[in-house]
Amino acid sequence: MGHALHEACRVVKPGGWVVDIRPYFPVSVGNRRHARQQVYCLVEDEVTQVATLARDYVDFHFADRVVAEAVRNRILILDLHTDFVFRHYFERLDLFDRCRAMWWDKAHIPVTDRRLLERTMLCHPETVIRVDTPVQLRVLTKV
């Protein structure tokens, strides 16, 4: 992220925009369960939380610091900051596992949570897995 932001600041003209959109795991909440990616099972009309995904948040916190430093040094001005939840849906457990391994930096699912997810999928084969990922969107203007 540091290199990408440096390059964006180098090539964007004054008054141009830099859009920063990525998962949002603020350092202020640490690794608390409520701040992680949440995993739900959708069975018929019922939504049940079954797990959270733990991961290494160092890169996310570093990226936040890099952007904050650019704003503090008056290289960029923060015009907009909003956060929202992006939802991923999976009809099969193997697809969920592949996504977890490839896209989410091998996010770890605690053993008890994994067992609950597997039991739910076994008891209700029509279950859809939903993963809620907190995302932040920042629009910054180059000074």
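All conditions but one from (1) in contact (Cβ under 8 Å) with a residue 40 or more places away in the chain; (2) of a type in the set (A, V, I, L, M); (3) under 21 Å from R33 (Cα atoms) apply to V111; the one that does not is (1). The single condition among (1) surrounded by 13 or more Cβ atoms within 10 Å (Cβ to Cβ); (2) closer than 22 Å to P26 by Cβ; (3) free of Cβ contacts under 8 Å to residues at least 24 places away in the same chain that V67 does not satisfy is (3). Of the residues D20, D79, the single one that is surrounded by 14 or more Cβ atoms within 10 Å (Cβ to Cβ), closer than 18 Å to T141 by Cα and of a type in the set (D, E, K, R) is D20. Check whether at least one residue in region 74-92 is over 21 Å from V12 (Cβ atoms), in contact (Cβ under 8 Å) with a residue 24 or more places away in the chain and in contact with a helix residue (DSSP H, G or I) (Cβ under 8 Å, 6 or more places away or on another chain), and report yes or no. Within region 74-92 (the criterion being over 21 Å from V12 (Cβ atoms), in contact (Cβ under 8 Å) with a residue 24 or more places away in the chain and in contact with a helix residue (DSSP H, G or I) (Cβ under 8 Å, 6 or more places away or on another chain)), the answer is yes, since at least one residue qualifies.
Inside region 45-64, can you point out the residues that are free of Cβ contacts under 8 Å to residues at least 40 places away in the same chain and either touching a Phe, Trp or Tyr at 6+ places or on another chain (Cβ under 8 Å) or not aliphatic (A, V, I, L, M) (or both)? Spell out the reasoning first.
From region 45-64, those free of Cβ contacts under 8 Å to residues at least 40 places away in the same chain are 45-46, 49, 57-58, 60-61, 64; that's our starting set.
Correct list: D45, E46, Q49, Y57, F60, H61, D64.
V39 fulfils the conditions (1) surrounded by 13 or more Cβ atoms within 10 Å (Cβ to Cβ); (2) of a type in the set (V, I, T); (3) closer than 23 Å to K142 by Cβ except for a single criterion, (3). Take the residues in region 49-62 that are more than 13 Å from the chain's Cα centre (by Cα) and surrounded by 15 or more Cβ atoms within 10 Å (Cβ to Cβ), then tell me which one is farthest from D105 (Cα to Cα). So the residue we want is V50. When restricted to residues that are out of contact with any Asp or Glu (no Cβ under 7 Å at 6 or more places or on another chain), part of a loop (DSSP other than H, G, I, E, B) and among the charged types (D, E, K, R), region 104-143 contains 2.
Rule-based calculations on the coordinates, nothing more; no lab input. Everything numeric here is computed off the predicted structure, so don't read it as measured data. A quick note on method: Cβ atoms are made from the backbone with ideal geometry, for glycine too, and the neighbour counts reach across all protein chains shown.
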